[in-house]
Every structure is written in structure tokens, then in C-alpha cells.
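The block underneath contains the structure these notes are about, expressed in C-alpha cells.
The values are calculated or read from the model by the stated rules, or taken from the named source; none is laboratory data. Only a predicted model underlies this, so the values are computations on that prediction, with no experimental measurement involved. Every residue, glycine among them, receives a Cβ derived from its backbone with ideal geometry; neighbour counts consider all protein chains shown. For the accessible areas, the whole protein counts, side chains as well, though only heavy atoms, and no ligand, DNA or RNA atoms are used. Shrake-Rupley method; radii C 1.70, N 1.55, O 1.52, S 1.80 Å.
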Amino acid sequence: MMSEPVLAARVAVPVPLQRLFDYRAPDGGSLPPIGSRVVIPFGKRQLVGLVIEHGPAETDSELKPISEVLDGGLIPPELLGLIDWCTRYYQFPPGEAIQLLLPVALRRIKPFRAPPADALELTPSGEEAVLSRAPRQAEIQNLLRAGPQLRQSLADAGFSMSALKRLIEDGHVRPTEAPVRVPRKDDLVLNPAQRQAAAIVLAARARFAAILLAGVTGSGKTEVYLHVARRLLARDRQVLILIPEIGLTPQLVRRIESRLGQRALTYHSGLSDGERLACWQAARSGQARVIVGTRSAVFLPLARPGLIVVDEEHDASFKQQDGARYHGRDVAVLRARQLGIPIVLGSATPSLESLNNARAGRYRLVPLAERAGGAVQPRWRVVDQRGHKGAMAPALLQAIERHLEADGQVLLYRNRRGYAPVLMCNACGWQADCHRCSAHMTWHQQLSRLQCHHCGSSMPQPPRCPDCGEPDLAAVGAGTERLEELLSELFPAVPVHRVDRDSMTGRDDFEQLLETVRGGGRCILVGTQMLAKGHHLPAVTLAAVLDVDQALFSADFRAPERLGQVIFQVAGRSGRGQRRGDFLLQTRHPEHPLLGQMLGGDYLSLAGHLLDEREAAALPPATALALLRAEAHQAELPRDFLKQAAGLLRSSAVELAGPIPAIMSRRGGYWRFQLWLQAPERASLANLIQARLPDLAALPLARKVRWHVDMDPIEL
Ligand SMILES: [Zn+2]
Ligand SMILES: [Zn+2]
């Protein structure tokens, strides 16, 4: 008689293998339910794993028992289903589920000491204490006089842990379970367009609907989210707001809290393990009503989900570029569908992917075409840089001067940090290139070093040309550091603020600067992408993009879309207050048709053109694209691996191209190649790759190169 097959727990284990592992029930116990967090023996180690499913054991060999069940049924089946889809679609090992589903504190075997109560209050001695010699402590004392505050809100407000610790040690402040009250500011008055947009979302409040809220800069998209959120909170639902980066969380969180009269918890990589665990647990229990997080928050367990918002949905940071390469926005849409709740994707410059989904009827496009509060869009003008050697053409400098004289603020966008993008020898033409990348090194004058922005290597300035010995090396072109220097010389009476990763290193530097700038008074802001994003700076009357020419001729098919997004976002910083603003675009190619399309109209019509072009060229989002990427120190290895892989992937359902070099063909010492796989449907493409993955992994060269599949790649 055949024996019954043994029922096994299929466990995701944090190892980079494309499979689950079977274990039997712990000795003397029964099989833990799916979603349980367990300790399992793996080789000589004990690891934390997650039970993903139950099934008949796949091997005849004796199964090892689960060592210990840490939490039974910790992860809800809905999230396990989402992860299952992600591992199949994005082709990452099931073990990555551990990283995505569990905060660090729960990935360890050691029991995690629960963080102390997350609110703090003043003790009677703290009420009395005179703290005039410790101004930061006195500020905290003042804040707490109004009632208990979350540790995290205090940290978000810029108070250091050491100041807090001191107050607790001195007995002035203690943890408390008392609820934190957030006073609600009742100033949510929507204009008719905003009201209509909110009504559309609310009409779908109990079912899945994907709404693409395409609101021009300044149209008040956030007010729409918050209005809808408030209604759902009133029905005891949770609201999850995904944002691209943590940079602006404190500012956003304070705004959300005061509008909703609710604590908002944050979830992102800048938090301590304890803070992340606290948020995770509060999301799972339903205690956290409003959660603001970066892409990883899309995998938070939610007790009573009601609404997901993806703010700045076009932002590339929603795509994870290593490990589990998922797109946070797309996963959020799938999750909302599974949960049967609405999702709002908001942007002034929506991605072509989302606009294509709207065209196909999968998303509902809700445009907000007018700025709220009566502000009008700025006047646009192209500044022809031809015939001018400097970084800024005379017409641009005159405009800057005019706006400063009228007490306006000026915002200049340049997507290059450092002093100069190239250091060059005028005698022989030598250029400082990175030895590990196909790229120039950037000259940073303040650091007196050359830096590669791609691999991080750096070196001091060579005293003379390494090729011909010429002592004078020339800095060619201008990054933000040089622009800051130039502008300070040209406008000595006006403060010049540089905003980039080099100048804004402290946690609050940028926010403090924004506060100062919002206080009014003329100034010049010069900076990188950080400046282009979502900030409301009402006194800025002139915004300019200094260099678009590289993007006009990029080999990346997404370059025109990205350029359009940057240009409309930067233009959107200008004239948001009482006075109408100007926007200038400096270029040496004023006749370029793309610039003509932008000047002619609004972002949505530009995006419409670009989408037509993608369709005509059969490029995403009109078709599905996946890249099989490979890299190694010797160029022939990845090329040969991809040639063999192409043989294995050949099918009537996909079009193959390559191997071709990546746009940056060498990075960090690795030669990078890719194979393009295109198909009309995303699902069939993913299925084909999934089916052939074991064959790819079995190729002998697969162990000699670094390789991975990138579904819906956003970098080429
Ligand atoms: Zn030389
Ligand atoms: Zn490099």
C-alpha cells in the first residue's frame, strides 16, 4: 500500500535561490498556518523563514522539522498572494519575501524587545524645570506642555535623541500610553474642480478603482487626497500614502496630521529598527490610521484598508533597482485591486505608463487643469545659448536681475552637482575619466577632488596633465557648485543657496532652507532634482532650466518623457503666489521639435504626443519590455552568456534583440550588456521568462557573470 504523501510547510528562506523549501511540523506539534514566522534549520544555520503554503512534500528524503514557530499566521493571505505574484512577475527569489514583508526586527531569531511606549509626556518636575541653559530641551518642554507627543514626531521635528534622552534621565519626561491629540486645522476648502475629483474617488470608496489625478503644479492635489482620506477615516478605514522619497516626510506628515486631526506614522529606511517595527505593528493592528511611507510600505499589513495614494506617481524612485526589482506604484495598484479599495495616483506630470492605462480604460484620468487659489501658470520663453560661452546667456542673467530687483526669488535648475562635469587638458585634450566606468569624473572644487558619480571612486586633482605634463588643467562646463560661485560674484548683495546632495547633508538642512526661503526676501536657489520636486515656494517668480541639451539627444527612449517631466515640474515652481511668474529654458537647440511641443501647450498634450511616438515605435508602454542584464569584469563573458540565453529564450511570443551594451557600458569595473525581450502582453512575457529561468541558471556561464531579469525596466 502506498503511504499518504507527507504534508509539508513550504517556507520562504532568506537565500538567493528561486524556490521554497519543505519542512515538516515541529516535533510534537502541528503544521503552522500559512503566513507563520518560523525558525528552520538550513545547512548548519538556523534561519527565520515564512510559511508561504502547505503541500505534499516534493522529495522522498526525510524532511527536517521546523525548529520553532515564532508567530502563527503573522502575514495575512492577501499579502502572501501579492508577494507570490511579485516573485513570479518580477522574477525574484521567494526568499526576498522575507525582506519585503518583515521589518528588520522580525527577521532575527532573538525575540525583539518591544520599543518603549511611543508617546512622551512631561512629568510634574518637567513642568516646573527651568531649562534656559539647554534651549533644545526647553523647546521640547514647550511642545510637551500642549500634551503628549510621539517620539517619532519629535524626531521628525528635528529634535535629537540625545536631548530627549537627557530629559528622560533627568526625570523631566517619561513614556506614556496617553493618546496623542493632533489639533485639526479646518481649512480644507476645496474649489469646484477639487471637489469633483474628490467625489469621483469617493464614489468608488468601497471597491477597486484606479484614479489618475493629473493636477497641474499648484492645483492642490494633496487637498483632494486629504479630503478623501478624511471621509474614509470617518468610516474607520486606514489610509496608506506612498511617497517617492523620505526627504520631505516631516513637512508632509505635519501637514497631513493637522489637516486630518490624526497621527500619521511613517515607514521608510531612515527610521530605526524599533520605529519600523512599531509602525509595522500599528499598521497590522489597525492602530495606525494614516501611514506615510516610501515604496516598501506597499507591503505593510493593514487591518482595515480604505485608500491607497501614490503621490508623484511618475517618480523613478518607486522602482527598486536591486534585489527584488518591483515597481512600488504598480504593486500598489495590484494590492488595491486585491483589497477592493480605491487607489489614487497623483502627479502633475504622470508617467506614460499610467496615461496609457488611462487610455486603455484601466485607470480613470481626472485632470485638475487650474491652479488653486487663483495663481496662473508662468510665461514660458526659450533662451538661445548659441554664441555665448558662459554657463548662463545674457538674456537669462538679465531676467534674473529683473526679478531680483522686483524682490522676487529665482530658482535655477541644473542636473549636475559638483564644480565642473569635466576636467580637461587644453594642451593635449586629456580628460579625467573614471578608470572603472565609461564616464568622466566630476571636479568638486570645495573638496578639491575628482569624483565619479557612478561608482563613487574619487581622487585628488592631478598636479599636471598625466599625458603631456601641462600644469594648467581646465574645468569645463558648470555644475551647481560653480553656478553658485558665479551667481555670488554676479549678485553679491543677494543670498545664493545651493541645493544638492553635497550641500544638504544634514537631516533638516533642506527643510530649514525651505522655511527660510518661504519667509520671503530675494534670493537665488540653484540646485538639482531636489529643487524640482513638489515644493511650494510662493515668492519664486522666475524658474529656469539651464541645460536640456544632453537629454534632447539621449539614447534612452524615456529621455523625452523625463525631460518633459523635469521641465514642467521646474516651471511649476514659478509664480505660485500673488505674482505671475516666468519660466526660461536655456538651450543651444531652440529649434528642437520636442521643445516646440512643450512650449505649445500643457504636459498632458506633450505626453499624448510622446505616447503616440512610443506606440508607433512599439516601445513601452505600448508593448511589454524586460531586460536580461549581465555584467562581469571581462566584456566577453556577459556577451556570451546573453547569446546563449537568447537561444534558450527564443519563442514565437517574444521579440529578442541583443546582446547590446548598456547605455553606460562599463560601471564600477563591470562591463554591462543586456538582452531586450519584448512582447505585446506583460503576462505572457513574464510567464515565458519564468518558465526558462531554470535553464538560464543552469548555463555554466551563469556562475561567471552577475545577471538578473528586470521587468518593466526604467534604466537602460
Ligand atoms: Zn595634456
Ligand atoms: Zn566610476
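Answer yes or no as to whether residue 174 is over 16 Å from residue 343 (Cβ atoms), open to solvent by 50 Å² or more (accessible area, probe 1.4 Å) and modelled with pLDDT under 85. No: the conditions fail for residue 174.
Give me a count of the residues in region 635-660 that are in contact with a strand residue (DSSP E or B) (Cβ under 7 Å, 6 or more places away or on another chain) and under 18 Å from residue 704 (Cβ atoms).
Here is the first cut: in region 635-660, the residues in contact with a strand residue (DSSP E or B) (Cβ under 7 Å, 6 or more places away or on another chain) are 635, 638-639, 641-643, 645-646, 649-650, 653-660.
With the extra rule that they be under 18 Å from residue 704 (Cβ atoms), the set shrinks to 635, 638-639, 641-643, 645-646, 659.
The total comes to 9.
Residue count for region 32-45 satisfying the condition of being exposed (fewer than 13 other Cβ atoms within 10 Å of the Cβ) and either in contact with a strand residue (DSSP E or B) (Cβ under 8 Å, 6 or more places away or on another chain) or on the phi > 0 side of the Ramachandran plot (or both): 1. Looking across region 563-579, the residues that are in contact (Cβ under 8 Å) with a residue 40 or more places away in the chain and either in a helix (DSSP H, G or I) or on the phi > 0 side of the Ramachandran plot (or both) come down to 564, 565, 566, 568, 569, 570, 571, 575.
Do you know which residues across region 237-246 are surrounded by fewer than 21 Cβ atoms within 10 Å (Cβ to Cβ) and at pLDDT 90 or above?
Selection gives 237 alone.
One residue alone among 639, 666 is in a helix (DSSP H, G or I) and either open to solvent by 40 Å² or more (accessible area, probe 1.4 Å) or of a type outside the set (Lys, Arg) (or both), and that residue is 639.
With respect to residue 392, is the statement that it is within 16 Å of ligand 2 (Cβ to nearest atom), open to solvent by less than 40 Å² (accessible area, probe 1.4 Å) and either hydrophobic (A, V, I, L, M, F, W, C) or farther than 21 Å from residue 469 by Cβ (or both) true? No: the conditions fail for residue 392. Under the condition of being part of a loop (DSSP other than H, G, I, E, B) and in contact (Cβ under 8 Å) with a residue 60 or more places away in the chain, the residues counted in region 488-503 number 5. In the set (1) modelled with pLDDT of 90 or more; (2) closer than 23 Å to residue 571 by Cα; (3) part of a helix (DSSP H, G or I); (4) not charged (D, E, K, R), the condition left unmet by residue 227 is number (2).
Of the candidates 303, 336, 332, the single residue that is closer than 29 Å to residue 206 by Cβ and either in contact with a Ser or Thr (Cβ under 7 Å, 6 or more places away or on another chain) or open to solvent by 10 Å² or more (accessible area, probe 1.4 Å) (or both) is 303. Screening residue 506 on (1) in contact with a helix residue (DSSP H, G or I) (Cβ under 9 Å, 6 or more places away or on another chain); (2) in contact (Cβ under 8 Å) with a residue 24 or more places away in the chain; (3) surrounded by fewer than 18 Cβ atoms within 10 Å (Cβ to Cβ) shows it passes everything except condition (2).
This table checks each residue for (1) crowded, with 16+ Cβ neighbours inside 10 Å; (2) under 30 Å from the mean Cα position of the chain (by Cα); (3) within 26 Å of residue 693 (Cβ to Cβ); (4) at pLDDT below 95.
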site: 56; (1), (2), (3), (4): no, no, yes, yes
site: 60; (1), (2), (3), (4): no, no, yes, yes
site: 63; (1), (2), (3), (4): yes, no, yes, yes
site: 71; (1), (2), (3), (4): no, no, no, yes
site: 74; (1), (2), (3), (4): yes, yes, no, yes
site: 79; (1), (2), (3), (4): yes, yes, yes, no
site: 82; (1), (2), (3), (4): yes, yes, yes, no
site: 92; (1), (2), (3), (4): yes, yes, yes, yes
site: 97; (1), (2), (3), (4): yes, yes, yes, yes
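Filter region 461-487 for residues that are open to solvent by 50 Å² or more (accessible area, probe 1.4 Å) and part of a helix (DSSP H, G or I); which is farthest from ligand 2 (Cβ to nearest atom)? Step through it out loud before you land on a result.
At the first step, the residues of region 461-487 found to be open to solvent by 50 Å² or more (accessible area, probe 1.4 Å) are 461, 463-464, 466-468, 470-472, 476, 482, 485-486.
Those still in the list that are part of a helix (DSSP H, G or I) too: 482, 485-486.
On the way: 482: 21, 485: 25, 486: 27 Å.
For region 461-487, the residue satisfying everything is 486.
If a residue has to be among the β-branched types (Val, Ile, Thr) and open to solvent by 20 Å² or more (accessible area, probe 1.4 Å) to count, how many in region 118-157 make the cut? Lay out the reasoning, then the answer.
Residues of region 118-157 that are among the β-branched types (Val, Ile, Thr), as a first pass: 123, 130, 140.
Then keep just the ones that are open to solvent by 20 Å² or more (accessible area, probe 1.4 Å); that gives 130.
Number satisfying all stated conditions: 1.
Taking first residues from region 659-675 that are under 9 Å from residue 630 (Cα atoms) and within 16 Å of ligand 1 (Cβ to nearest atom) and partners that are among the small types (Gly, Ala, Ser) and open to solvent by less than 20 Å² (accessible area, probe 1.4 Å), no Cβ contact under 8 Å between residues at least 6 apart in sequence or on separate chains turns up.
Only one of 631, 613 is open to solvent by 10 Å² or more (accessible area, probe 1.4 Å), in contact with a Phe, Trp or Tyr (Cβ under 8 Å, 6 or more places away or on another chain) and within 30 Å of residue 689 (Cα to Cα). Can you tell me which?
Exactly one residue qualifies, and that residue is 631.
If the condition is being out of contact with any Phe, Trp or Tyr (no Cβ under 6 Å at 6 or more places or on another chain), in a loop (DSSP other than H, G, I, E, B) and more than 20 Å from residue 550 (Cα to Cα), then region 371-397 contributes 371, 375, 376, 377. Taken over region 430-460, the residue count meeting the criterion of being surrounded by fewer than 17 Cβ atoms within 10 Å (Cβ to Cβ), within 16 Å of ligand 1 (Cβ to nearest atom) and part of a loop (DSSP other than H, G, I, E, B) is 0. Scanning region 310-345 for residues that are assigned to a loop (DSSP other than H, G, I, E, B) and acidic (Asp, Glu) gives 312, 313, 315, 322. Cβ separations smaller than 6 Å between residues 6+ apart or across chains give the following pairs from region 415-428 residues that are within 13 Å of ligand 1 (Cβ to nearest atom) to residues that are assigned to a loop (DSSP other than H, G, I, E, B) and open to solvent by 50 Å² or more (accessible area, probe 1.4 Å): 425/470; 427/468; 427/470; 428/467; 428/468.
Only residues that are assigned to a loop (DSSP other than H, G, I, E, B), closer than 22 Å to residue 297 by Cα and either at pLDDT 85 or above or charged (D, E, K, R) (or both) were counted in region 106-157, giving 3. Residues of region 676-694 that are modelled with pLDDT of 95 or more and open to solvent by 30 Å² or more (accessible area, probe 1.4 Å): 676, 678.
Yes/no matrix, rows are residues, columns are (1) on the phi > 0 side of the Ramachandran plot; (2) in a loop (DSSP other than H, G, I, E, B); (3) touching a helix residue (DSSP H, G or I) at 6+ places or on another chain (Cβ under 8 Å); (4) among the hydroxyl-bearing types (Ser, Thr, Tyr):
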position: 512; (1), (2), (3), (4): no, no, no, no
position: 517; (1), (2), (3), (4): no, no, no, no
position: 538; (1), (2), (3), (4): no, yes, yes, no
position: 555; (1), (2), (3), (4): no, yes, no, no
position: 560; (1), (2), (3), (4): no, no, yes, no
position: 585; (1), (2), (3), (4): no, no, yes, no
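Right, residue 545: open to solvent by less than 20 Å² (accessible area, probe 1.4 Å), away from ligand 1 (no atom under 16 Å from the Cβ) and within 30 Å of residue 255 (Cβ to Cβ) or not? Reasoning before the result, please.
Values: open to solvent by less than 20 Å² (accessible area, probe 1.4 Å): yes; away from ligand 1 (no atom under 16 Å from the Cβ): yes; within 30 Å of residue 255 (Cβ to Cβ): yes.
The answer is yes for residue 545.
Residue under question is residue 351, and the condition is that it be hydroxyl-bearing (Ser, Thr, Tyr) and open to solvent by 10 Å² or more (accessible area, probe 1.4 Å); does it hold?
Criteria not met by residue 351.
State all residues of region 398-429 that are within 16 Å of ligand 2 (Cβ to nearest atom), part of a strand (DSSP E or B) and surrounded by fewer than 22 Cβ atoms within 10 Å (Cβ to Cβ); if no residue qualifies, say none. Correct list: 422 only.
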